[in-house]
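Below is one structure, written out as C-alpha coordinates; the observations come after it.
The values are calculated or read from the model by the stated rules, or taken from the named source; none is laboratory data. These numbers come from a predicted model, not from an experiment. Note that each Cβ is placed from the backbone with ideal geometry, even for glycine, and that neighbours are counted across all protein chains shown. The area values use the complete protein model at the heavy-atom level, side chains included, leaving out ligands, DNA and RNA. Shrake-Rupley method; radii C 1.70, N 1.55, O 1.52, S 1.80 Å.
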Amino acid sequence: MISEEYKKYEIIDAHAHIFPEKIAENATVNIGHFYELPMTGCGMSNKLIESGKKIGVSRYLVCSTATSPRQISSINSFIAGECKAHPEFYGFGTTHADSDDIEADILQIEELGLNGVKLHPDFQKFDADSPEAFKIYEIIQGRLPLLIHCGDNRYDYSAPKRIRAIHDNFPRLQLLAAHLGGYQRWDEAEEILAGLQNVRFDVSSSLAFLSPEKAAHMVRKYGVENCFFGVDYPMWGHDEEFEHFLALGFTEKENQMILAENFKEFLKIR
(Lines give C-alpha, C1' and ligand atoms only; values in the text may rest on other atoms or scores of the structure.)
Protein backbone atom coordinates (compact mmCIF):
# COMPACT_ATOMS: atom_id res chain seq x y z
CA MET A 1 0.00 0.00 0.00
CA ILE A 2 1.35 3.42 -0.96
CA SER A 3 1.78 5.86 1.89
CA GLU A 4 -0.54 8.86 1.76
CA GLU A 5 2.42 10.97 2.86
CA TYR A 6 3.13 11.92 -0.73
CA LYS A 7 0.07 14.19 -0.73
CA LYS A 8 1.93 16.59 1.57
CA TYR A 9 4.62 17.33 -0.96
CA GLU A 10 5.50 18.54 -4.39
CA ILE A 11 7.62 15.74 -5.87
CA ILE A 12 10.11 15.92 -8.72
CA ASP A 13 11.92 12.84 -10.00
CA ALA A 14 15.43 14.07 -10.81
CA HIS A 15 16.65 10.88 -12.51
CA ALA A 16 14.64 8.88 -15.06
CA HIS A 17 15.45 7.09 -18.31
CA ILE A 18 13.26 6.89 -21.40
CA PHE A 19 13.73 5.25 -24.80
CA PRO A 20 11.85 5.17 -28.12
CA GLU A 21 8.94 2.78 -27.89
CA LYS A 22 10.32 0.37 -30.52
CA ILE A 23 13.49 -0.28 -28.49
CA ALA A 24 12.29 0.46 -24.94
CA GLU A 25 11.72 -3.13 -23.91
CA ASN A 26 15.10 -4.35 -25.16
CA ALA A 27 16.89 -1.32 -23.71
CA THR A 28 15.30 -1.96 -20.33
CA VAL A 29 16.27 -5.64 -20.42
CA ASN A 30 19.84 -4.71 -21.33
CA ILE A 31 20.09 -2.35 -18.35
CA GLY A 32 18.92 -5.18 -16.14
CA HIS A 33 21.59 -7.46 -17.57
CA PHE A 34 24.27 -4.81 -17.10
CA TYR A 35 23.43 -4.39 -13.41
CA GLU A 36 22.33 -7.98 -12.84
CA LEU A 37 19.09 -6.70 -11.35
CA PRO A 38 15.43 -7.21 -12.26
CA MET A 39 13.83 -4.11 -13.74
CA THR A 40 10.65 -2.79 -12.14
CA GLY A 41 9.28 -0.94 -15.16
CA CYS A 42 9.76 -0.38 -18.89
CA GLY A 43 11.53 2.74 -20.12
CA MET A 44 8.74 4.43 -22.07
CA SER A 45 7.42 7.90 -21.31
CA ASN A 46 3.87 6.76 -20.66
CA LYS A 47 5.06 4.02 -18.31
CA LEU A 48 7.27 6.51 -16.45
CA ILE A 49 4.36 8.89 -15.96
CA GLU A 50 2.10 6.03 -14.91
CA SER A 51 4.61 4.99 -12.24
CA GLY A 52 5.12 8.56 -11.06
CA LYS A 53 1.40 9.21 -10.68
CA LYS A 54 1.35 6.68 -7.85
CA ILE A 55 3.06 9.27 -5.65
CA GLY A 56 1.96 12.44 -7.45
CA VAL A 57 5.21 13.26 -9.27
CA SER A 58 4.75 16.56 -11.10
CA ARG A 59 8.00 16.80 -13.06
CA TYR A 60 10.80 14.53 -14.27
CA LEU A 61 14.39 14.85 -15.41
CA VAL A 62 14.54 12.49 -18.38
CA CYS A 63 17.63 11.31 -20.20
CA SER A 64 19.27 8.57 -22.23
CA THR A 65 22.92 7.79 -23.00
CA ALA A 66 24.76 7.42 -26.29
CA THR A 67 26.87 4.27 -26.12
CA SER A 68 28.51 5.29 -29.41
CA PRO A 69 28.93 8.73 -31.04
CA ARG A 70 26.64 7.86 -33.94
CA GLN A 71 23.67 7.73 -31.54
CA ILE A 72 24.11 11.23 -30.13
CA SER A 73 22.01 13.30 -32.52
CA SER A 74 19.07 10.88 -32.63
CA ILE A 75 18.98 10.50 -28.84
CA ASN A 76 19.01 14.26 -28.33
CA SER A 77 16.23 14.72 -30.87
CA PHE A 78 14.19 11.96 -29.22
CA ILE A 79 14.55 13.47 -25.75
CA ALA A 80 13.57 16.91 -27.07
CA GLY A 81 10.53 15.45 -28.81
CA GLU A 82 9.37 13.76 -25.62
CA CYS A 83 9.82 17.00 -23.69
CA LYS A 84 7.66 18.79 -26.24
CA ALA A 85 5.00 16.08 -25.92
CA HIS A 86 5.22 16.06 -22.13
CA PRO A 87 5.68 19.54 -20.60
CA GLU A 88 6.41 17.96 -17.23
CA PHE A 89 9.71 16.63 -18.63
CA TYR A 90 13.06 18.38 -18.27
CA GLY A 91 15.39 16.77 -20.77
CA PHE A 92 19.13 16.22 -20.57
CA GLY A 93 20.88 15.48 -23.84
CA THR A 94 24.00 13.41 -24.30
CA THR A 95 27.40 13.40 -25.98
CA HIS A 96 30.38 11.06 -25.92
CA ALA A 97 34.08 11.43 -25.21
CA ASP A 98 34.80 9.85 -28.63
CA SER A 99 32.60 12.29 -30.53
CA ASP A 100 34.30 14.01 -33.46
CA ASP A 101 32.53 17.30 -32.73
CA ILE A 102 31.56 17.80 -29.10
CA GLU A 103 30.88 21.49 -29.65
CA ALA A 104 28.30 20.60 -32.32
CA ASP A 105 26.69 18.10 -29.93
CA ILE A 106 26.37 20.75 -27.25
CA LEU A 107 25.01 23.30 -29.70
CA GLN A 108 22.36 20.76 -30.74
CA ILE A 109 21.41 20.24 -27.09
CA GLU A 110 21.06 23.99 -26.60
CA GLU A 111 19.15 24.55 -29.84
CA LEU A 112 16.72 21.78 -28.91
CA GLY A 113 16.02 23.56 -25.63
CA LEU A 114 17.31 20.75 -23.44
CA ASN A 115 18.35 21.52 -19.89
CA GLY A 116 21.67 19.75 -19.44
CA VAL A 117 23.99 16.90 -20.39
CA LYS A 118 23.93 13.27 -19.19
CA LEU A 119 26.98 11.01 -19.26
CA HIS A 120 27.36 7.40 -18.14
CA PRO A 121 31.08 6.58 -18.33
CA ASP A 122 30.49 2.90 -17.48
CA PHE A 123 28.06 2.44 -20.40
CA GLN A 124 30.12 4.66 -22.66
CA LYS A 125 33.43 3.08 -21.66
CA PHE A 126 35.60 6.11 -21.00
CA ASP A 127 37.30 7.39 -17.87
CA ALA A 128 35.33 10.29 -16.46
CA ASP A 129 38.56 12.25 -15.95
CA SER A 130 40.23 11.40 -19.27
CA PRO A 131 41.56 14.20 -21.51
CA GLU A 132 38.81 13.38 -24.01
CA ALA A 133 36.11 13.76 -21.35
CA PHE A 134 37.70 16.98 -20.10
CA LYS A 135 36.93 18.48 -23.54
CA ILE A 136 33.23 18.02 -22.76
CA TYR A 137 33.46 19.73 -19.37
CA GLU A 138 35.49 22.62 -20.78
CA ILE A 139 32.75 23.29 -23.33
CA ILE A 140 29.76 22.99 -20.99
CA GLN A 141 31.23 24.72 -17.94
CA GLY A 142 29.11 27.81 -17.38
CA ARG A 143 26.65 26.73 -20.10
CA LEU A 144 24.89 23.53 -19.09
CA PRO A 145 24.76 21.36 -15.96
CA LEU A 146 26.08 17.80 -16.06
CA LEU A 147 24.34 14.73 -14.66
CA ILE A 148 26.92 11.96 -14.44
CA HIS A 149 26.64 8.36 -13.34
CA CYS A 150 29.01 7.73 -10.44
CA GLY A 151 30.57 4.56 -9.14
CA ASP A 152 30.30 0.81 -9.58
CA ASN A 153 32.49 -1.64 -7.73
CA ARG A 154 33.02 -3.65 -10.94
CA TYR A 155 34.48 -0.76 -12.95
CA ASP A 156 36.66 2.29 -12.44
CA TYR A 157 35.38 4.56 -15.23
CA SER A 158 33.33 6.75 -12.88
CA ALA A 159 34.96 6.10 -9.51
CA PRO A 160 34.49 8.89 -6.94
CA LYS A 161 38.12 9.96 -7.35
CA ARG A 162 37.40 10.68 -11.02
CA ILE A 163 34.33 12.73 -10.11
CA ARG A 164 36.50 14.68 -7.70
CA ALA A 165 38.96 15.34 -10.52
CA ILE A 166 36.16 16.80 -12.64
CA HIS A 167 35.22 19.16 -9.82
CA ASP A 168 38.80 20.20 -9.11
CA ASN A 169 39.56 20.98 -12.76
CA PHE A 170 36.21 22.59 -13.61
CA PRO A 171 35.02 24.35 -10.45
CA ARG A 172 32.35 26.38 -12.30
CA LEU A 173 30.70 23.27 -13.74
CA GLN A 174 27.30 22.53 -12.24
CA LEU A 175 27.74 18.86 -11.41
CA LEU A 176 24.99 16.45 -10.39
CA ALA A 177 26.61 13.27 -9.08
CA ALA A 178 24.15 10.41 -9.39
CA HIS A 179 23.56 7.64 -6.86
CA LEU A 180 24.81 9.61 -3.84
CA GLY A 181 28.11 10.07 -5.63
CA GLY A 182 29.06 6.44 -6.11
CA TYR A 183 26.84 3.44 -6.78
CA GLN A 184 28.08 0.53 -4.63
CA ARG A 185 31.06 2.73 -3.58
CA TRP A 186 29.29 4.89 -1.03
CA ASP A 187 31.95 4.95 1.71
CA GLU A 188 34.51 6.04 -0.86
CA ALA A 189 32.14 8.65 -2.29
CA GLU A 190 31.40 10.15 1.12
CA GLU A 191 35.09 10.44 1.96
CA ILE A 192 36.07 12.02 -1.37
CA LEU A 193 33.07 14.13 -2.38
CA ALA A 194 31.60 15.59 0.82
CA GLY A 195 32.02 19.32 1.18
CA LEU A 196 32.61 20.17 -2.48
CA GLN A 197 31.19 23.37 -3.88
CA ASN A 198 28.90 23.31 -6.94
CA VAL A 199 28.24 19.57 -6.62
CA ARG A 200 24.77 18.13 -6.09
CA PHE A 201 23.70 14.53 -5.50
CA ASP A 202 20.64 12.43 -6.23
CA VAL A 203 19.56 9.48 -4.09
CA SER A 204 18.62 7.22 -7.00
CA SER A 205 19.69 3.54 -6.99
CA SER A 206 21.00 3.94 -3.45
CA LEU A 207 18.14 3.66 -0.98
CA ALA A 208 17.42 0.01 -1.81
CA PHE A 209 20.96 -0.94 -0.80
CA LEU A 210 21.84 1.37 2.09
CA SER A 211 20.36 1.30 5.57
CA PRO A 212 18.16 4.34 6.28
CA GLU A 213 20.72 5.44 8.86
CA LYS A 214 23.62 5.32 6.38
CA ALA A 215 21.69 7.05 3.60
CA ALA A 216 20.48 9.80 5.94
CA HIS A 217 24.01 10.26 7.24
CA MET A 218 25.34 10.71 3.70
CA VAL A 219 22.64 13.22 2.78
CA ARG A 220 23.47 15.26 5.88
CA LYS A 221 27.20 15.01 5.15
CA TYR A 222 26.64 16.32 1.62
CA GLY A 223 24.08 18.85 2.87
CA VAL A 224 20.32 18.42 2.67
CA GLU A 225 20.24 21.48 0.42
CA ASN A 226 22.48 19.67 -2.10
CA CYS A 227 20.44 16.47 -2.54
CA PHE A 228 17.60 15.53 -4.91
CA PHE A 229 15.03 12.75 -4.97
CA GLY A 230 15.44 10.49 -8.00
CA VAL A 231 14.16 7.02 -8.83
CA ASP A 232 16.34 5.81 -11.75
CA TYR A 233 13.22 4.47 -13.47
CA PRO A 234 12.80 1.87 -15.00
CA MET A 235 15.18 0.23 -12.54
CA TRP A 236 12.93 1.07 -9.59
CA GLY A 237 9.32 2.12 -9.11
CA HIS A 238 8.24 5.42 -7.60
CA ASP A 239 6.11 3.93 -4.85
CA GLU A 240 8.88 1.74 -3.42
CA GLU A 241 11.52 4.46 -3.69
CA PHE A 242 9.28 7.00 -1.95
CA GLU A 243 8.79 4.56 0.93
CA HIS A 244 12.57 4.13 1.16
CA PHE A 245 12.93 7.90 1.18
CA LEU A 246 10.42 8.44 3.99
CA ALA A 247 12.36 5.94 6.10
CA LEU A 248 15.31 8.35 6.19
CA GLY A 249 13.48 10.33 8.85
CA PHE A 250 13.95 13.90 7.68
CA THR A 251 11.64 16.72 8.75
CA GLU A 252 8.80 17.78 6.46
CA LYS A 253 10.75 20.90 5.51
CA GLU A 254 13.83 18.83 4.66
CA ASN A 255 11.71 16.34 2.73
CA GLN A 256 10.26 19.13 0.61
CA MET A 257 13.74 20.48 -0.11
CA ILE A 258 14.97 17.10 -1.32
CA LEU A 259 11.76 16.14 -3.11
CA ALA A 260 11.47 19.33 -5.18
CA GLU A 261 12.88 22.63 -3.97
CA ASN A 262 16.56 21.84 -4.43
CA PHE A 263 16.02 20.64 -7.99
CA LYS A 264 13.99 23.72 -8.87
CA GLU A 265 16.80 25.94 -7.59
CA PHE A 266 19.38 23.88 -9.53
CA LEU A 267 17.60 24.37 -12.87
CA LYS A 268 16.23 27.82 -11.97
CA ILE A 269 12.62 26.77 -12.52
CA ARG A 270 9.42 27.78 -10.72
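Structural remarks
- Contacts under 6 angstrom Cβ, first residue in the stretch 135-147 being at pLDDT 95 or above, partner of a type in the set (Lys, Arg) and open to solvent by 10 Å² or more (accessible area, probe 1.4 Å), 6 or more apart: 141/172; 142/172
- The stretch 184-200, subset within 16 Å of the chain's Cα centre (by Cα) and part of a loop (DSSP other than H, G, I, E, B), residue surrounded by the most Cβ atoms within 10 Å (Cβ to Cβ): 184
- Test: residue in the stretch 170-178 that is more than 17 Å from residue 145 (Cβ to Cβ) and either out of contact with any His (no Cβ under 8 Å at 6 or more places or on another chain) or surrounded by fewer than 18 Cβ atoms within 10 Å (Cβ to Cβ) (or both): no
- Test for residue 152: is it surrounded by fewer than 19 Cβ atoms within 10 Å (Cβ to Cβ) and assigned to a loop (DSSP other than H, G, I, E, B): no
- Restricting attention to the stretch 15-40, the residues that are closer than 18 Å to residue 229 by Cα and either assigned to a strand (DSSP E or B) or not β-branched (Val, Ile, Thr) (or both) add up to 3.
- Answer residue from the stretch 35-52, given it is touching a residue at least 24 places away in the same chain (Cβ under 8 Å) and more than 20 Å from residue 22 (Cα to Cα) and is least open to solvent (accessible area, probe 1.4 Å) among those: 52
- Restricting attention to the stretch 201-219, the residues that are of a type in the set (Ser, Thr, Tyr) and part of a helix (DSSP H, G or I) total 0.
- Where strands (runs of 3 or more DSSP E) fall entirely within the stretch 49-142, those with at least 3 residues that are in contact with a helix residue (DSSP H, G or I) (Cβ under 6 Å, 6 or more places away or on another chain) and not charged (D, E, K, R) are at 89-94.
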